[in-house]
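Heads up, the thing below is written out as structure tokens.
The values are calculated or read from the model by the stated rules, or taken from the named source; none is laboratory data. The structure displayed is predicted, hence computed values, not measured ones. With ideal geometry, Cβ positions are generated from the backbone for all residues, glycine too; neighbour counts draw on all protein chains shown. Ligands, DNA and RNA are excluded from the accessible area calculation, which covers all protein heavy atoms including side chains. Shrake-Rupley method; radii C 1.70, N 1.55, O 1.52, S 1.80 Å.
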Amino acid sequence: MKKVLLSDLLLLPIICLAWQWAAIPAQVPLHFSRNGADVVGPKWELGPLAALPLLLYLLLPLLRPASPREPFHKQAGVGLSLLGSLALSAWFIYLSAPN
């Protein structure tokens, strides 16, 4: 059950991007400064951003554990970083679609 829920959450940004693809304009803001968006690019550049949580989940276990006494997947920082990247990906996809 937990693995199914985790895989669903990791695929959520990709699913949201595919669902909103037609509504996303051809050019989207890619970089923001104090003056607003200063770099724009094609909407396909949102793809790597949406795939970031899944990519992190697949690559992080390849790193060595920070603590030899505790397995890597049980450390809280990994879960929080995955959750944060998932939330940021979904938020950027939501903001890039017109209302």
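At-a-glance table
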| quantity | calculated |
| --- | --- |
| Given (1) at pLDDT below 90; (2) open to solvent by less than 100 Å² (accessible area, probe 1.4 Å); (3) of a type outside the set (Ser, Thr, Tyr), number of the condition Pro42 does not satisfy | (1) |
| Members of the stretch 22-36 that are open to solvent by 40 Å² or more (accessible area, probe 1.4 Å) and farther than 21 Å from Ala87 by Cβ | Ala22, Pro25, Ala26, Gln27, Ser33, Arg34, Asn35 |
| Top-ranked residue of the stretch 49-99 - restricted to ones that are hydrophobic (A, V, I, L, M, F, W, C) and assigned to a loop (DSSP other than H, G, I, E, B), ranked as modelled with the lowest pLDDT | Ala66 |
| Pair list, Cβ < 8 Å and 6+ apart or interchain, from the stretch 44-55 residues that are more than 14 Å from Leu10 (Cα to Cα) to residues that are in a helix (DSSP H, G or I) and modelled with pLDDT of 85 or more | Leu46/Leu17 |
| Selection within the stretch 45-63 - surrounded by 11 or more Cβ atoms within 10 Å (Cβ to Cβ), within 17 Å of Ala90 (Cβ to Cβ) and not aromatic (Phe, Trp, Tyr) | Glu45, Leu46, Gly47, Leu49, Ala50, Ala51, Leu52, Pro53, Leu54, Leu55, Leu56 |
| Any hit, the stretch 5-20, residues being open to solvent by less than 90 Å² (accessible area, probe 1.4 Å), modelled with pLDDT under 80 and acidic (Asp, Glu) | yes |
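Rundown of residues vs (1) under 13 Å from the mean Cα position of the chain (by Cα); (2) farther than 16 Å from Trp91 by Cβ; (3) in contact (Cβ under 8 Å) with a residue 40 or more places away in the chain, yes/no style:
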| residue | (1), (2), (3) |
| --- | --- |
| Ile14 | yes, no, yes |
| Ile24 | no, no, yes |
| Pro29 | no, no, yes |
| Gly41 | no, yes, no |
